[in-house]
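To start, the structure itself, in structure tokens.
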Amino acid sequence: MAPKRLDAWLEDPFLGRLYHAIRVAGPIRSIALDLTDVCNLRCAGCYFFADGMDEKVPTANLDAFVAREAERGTNFVTVVGGEPSLALERLKVLYDAFRLSVATNGLRRIPRDGFEDLPIGVSVWGDEQTDRELRGSGRTDVFARALRNYAGDERAFWYYALTAGAAGHPHEVDGVVQRCIDNGNRVLFNFYGDVEDLGGEFDHRRGFGPAREAIERAIERHPESILMTSRLAEVVSTGRLFAERWGHAACASITPDHPANRNRVRNGRPFDRHFRAYNADLETTRRCCTAIDRDCDSCFDTWQHFSWVMMNPRAHFNSKHDFTAWLTTTWLFYFINRLVDVDEGARLLPEVHRRTRAPELAHTQPPENPPWTPNLTSSWTAPACSAPSR
Ligand code: SF4
Ligand code: SF4
């Protein structure tokens, strides 16, 4: 802790407002769960199904589960899938008990009635053609239908998964972002990890420089609508937080009492002691939100990186610049999840970007001649499911 310096930094009225908003909202005691084992899509390479996560079916009494978690102190639930919109009655039970964030593929609208203040992350992988090929089996216009379902819906934000090969179709990226914003929604980004070694534009080992440039363009054009800062994009895409490298040994989004994490919880690195990732049976847990035993080198999940930053405040107390990075990231998580005043948040968001821009990436333009052309007929593995954590 650096209380004197912290006090001095918080004299900055803007930082003071962000900090105050978080303090008023209070600490998050979070879990993640699969609401259902079923989905109305079979996206190419979806690892929810590939990893057998659908083998656990919802057998537990949901009311009893809610009572247990409330007793444990849980106040926030990230709901993933399968597809949560197919289990609205169960979703409603959770919504009435906790603050939620839900991830959906957008095909079926989660109604406003009964879910008035629900943050909804709607996944998108590309424009209509890309989404139809990769997610809609060549027939279903997933993106177009999701746009219609969430037009003008302030609960919804888009969760756009970018491949390392985003440079192969920069105008598609810019166009998708514009469509989402024109639809009246904000945009968060995810990064695709090539868990099936498809290579080419899907290969995360190429690095995400072009994807980050696309994000930077989006921030520059739409600072009021982009929910990821330059700094967070850098952390997720490089797997670096100061001297630390991303991976199981550092990850904060683990289930602490799961046997796979026995050594992890002893290594001294911060983790969320409350967190658990529940399978759809709501009785068994898994190692982490994202997978059962996935290779962490392919994990570029933004939701988990939010928690990596948020769980490491002390690493950010060396300068006002670093503290600003921690505070803006934490505040953004609260803002995305509607835990702070959303109208005030909307006014603060452009200044968050102004203070966290990466100068070397500012003023980027999409390349006229992309370095390679995407092959949309390849099968690939689902980066984001419907989900921030998938
Ligand atoms: S796969 Fe990702 S979320 Fe899971 S332990 Fe590894 S780094 Fe953490
Ligand atoms: S990636 Fe998500 S939307 Fe697609 S099949 Fe898997 S669970 Fe369903």
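The values are calculated or read from the model by the stated rules, or taken from the named source; none is laboratory data. As the structure is a computational prediction, the values presented were derived from the model and not from experiment. Quick reminder, even Gly has a Cβ in these numbers, built from the backbone with ideal geometry, and neighbours come from all protein chains shown.
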Next item on the list: Take L118 and decide whether it is modelled with pLDDT of 95 or more, in a loop (DSSP other than H, G, I, E, B) and either more than 10 Å from ligand 2 (Cβ to nearest atom) or buried (at least 19 other Cβ atoms within 10 Å of the Cβ) (or both).
Entry: yes
Margin query: Can you tell me which of (1) over 17 Å from the mean Cα position of the chain (by Cα); (2) closer than 19 Å to E244 by Cβ; (3) at pLDDT below 95 is the one A280 doesn't meet?
Written below: (2)
Notebook entry, point to check: If you go through the range 89-122, how many residues are among the aliphatic types (A, V, I, L, M) and touching a Gly at 6+ places or on another chain (Cβ under 8 Å)?
Noted result: 3
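Can you tell me which residue is nearest to R264 (Cα to Cα) among those in the range 309-330 that are aromatic (F, W, Y) and not in a loop (DSSP other than H, G, I, E, B)?
The qualifying residue nearest to R264 (Cα to Cα) is W326.
Results for (1) assigned to a strand (DSSP E or B); (2) in contact (Cβ under 8 Å) with a residue 24 or more places away in the chain; (3) under 26 Å from A60 (Cα atoms), shown as yes or no for each residue.
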| site | (1), (2), (3) |
| --- | --- |
| P256 | no, no, yes |
| V265 | no, no, no |
| P270 | no, yes, no |
| R273 | no, no, yes |
| D297 | no, yes, no |
| S307 | no, yes, no |
Checklist line | Scan of the range 226-267 for residues that are within 13 Å of ligand 1 (Cβ to nearest atom), of a type in the set (A, V, I, L, M) and within 23 Å of the chain's Cα centre (by Cα), ordered by number | finding: V235, V236, L241, A249, A250, A252, I254
Next item on the list: Give the residues of the range 319-357 that are farther than 30 Å from Y95 by Cα, surrounded by 17 or more Cβ atoms within 10 Å (Cβ to Cβ) and small (G, A, S), sorted by residue number.
Entry: A325
Margin query: I'm trying to understand the selection: among the residues of the range 11-28, which are surrounded by 17 or more Cβ atoms within 10 Å (Cβ to Cβ) and part of a loop (DSSP other than H, G, I, E, B)?
Written below: I28
Checklist line | Residue list for the range 56-89, restricted to those being more than 16 Å from P27 (Cα to Cα), surrounded by fewer than 21 Cβ atoms within 10 Å (Cβ to Cβ) and within 22 Å of the chain's Cα centre (by Cα) | finding: L86, L88
Checklist line | Every pair of residues 6+ apart whose Cβ atoms lie under 7 Å, when the first sits in the range 335-348 and is farther than 13 Å from V187 by Cα and among the charged types (D, E, K, R) while the second is outside any loop (DSSP other than H, G, I, E, B) and modelled with pLDDT of 95 or more | finding: D341/A21
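For the range 196-219, indicate whether the set of residues that are farther than 21 Å from T324 by Cβ, touching a His at 6+ places or on another chain (Cβ under 6 Å) and within 16 Å of ligand 2 (Cβ to nearest atom) is non-empty.
Let us first name the residues in the range 196-219 that are farther than 21 Å from T324 by Cβ, namely 196-211, 213-214, 217.
From what is left, the residues that are touching a His at 6+ places or on another chain (Cβ under 6 Å) are none.
No.
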Margin query: Could you list, ordered by first residue, the pairs with Cβ atoms under 9 Å in which the first is in the range 128-142 and within 21 Å of Y192 (Cα to Cα) and the second is at pLDDT below 85 and among the aromatic types (F, W, Y), at least 6 apart or interchain?
Written below: L134/W380
Notebook entry, point to check: When the range 196-209 is examined, which residues are found to be surrounded by fewer than 21 Cβ atoms within 10 Å (Cβ to Cβ) and at negative phi?
Noted result: E196, L198, D203, R205, R206, G209
Notebook entry, point to check: Within the bounds of the range 45-54, is there any residue that is assigned to a helix (DSSP H, G or I), within 16 Å of ligand 2 (Cβ to nearest atom), at pLDDT below 95 and touching a strand residue (DSSP E or B) at 6+ places or on another chain (Cβ under 7 Å)?
Noted result: yes
Check: Looking only at residues in the range 240-254 that are without any contact (Cβ under 8 Å) to a residue 60 or more places away in the chain and farther than 16 Å from F275 by Cβ, which one is farthest from ligand 2 (Cβ to nearest atom)?
Finding: A243
Item checked: Residues located in the range 290-318, provided they are more than 8 Å from ligand 1 (Cβ to nearest atom), β-branched (V, I, T) and surrounded by 19 or more Cβ atoms within 10 Å (Cβ to Cβ) -> T302, V309
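To keep it simple, each residue is scored yes or no on (1) among the basic types (K, R); (2) in a helix (DSSP H, G or I); (3) surrounded by fewer than 18 Cβ atoms within 10 Å (Cβ to Cβ); (4) on the phi > 0 side of the Ramachandran plot.
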{"site": "G138", "(1), (2), (3), (4)": "no, no, yes, yes"}
{"site": "R145", "(1), (2), (3), (4)": "yes, yes, no, no"}
{"site": "F157", "(1), (2), (3), (4)": "no, no, no, no"}
{"site": "D194", "(1), (2), (3), (4)": "no, no, no, no"}
{"site": "A211", "(1), (2), (3), (4)": "no, yes, no, no"}
{"site": "R217", "(1), (2), (3), (4)": "yes, yes, no, no"}
{"site": "A233", "(1), (2), (3), (4)": "no, yes, no, no"}
Margin query: When you check G175 against the structure, is it among the small types (G, A, S), surrounded by fewer than 24 Cβ atoms within 10 Å (Cβ to Cβ) and part of a helix (DSSP H, G or I), yes or no?
Written below: yes
Next item on the list: Output the residues belonging to the range 71-109 that are within 14 Å of ligand 2 (Cβ to nearest atom) and assigned to a loop (DSSP other than H, G, I, E, B).
Entry: G81, G82, E83, A87, N105, G106, L107, R108
Margin query: So, in the range 294-323, how many residues would count as being within 23 Å of F335 (Cα to Cα), within 16 Å of ligand 2 (Cβ to nearest atom) and among the hydroxyl-bearing types (S, T, Y)?
Written below: 1
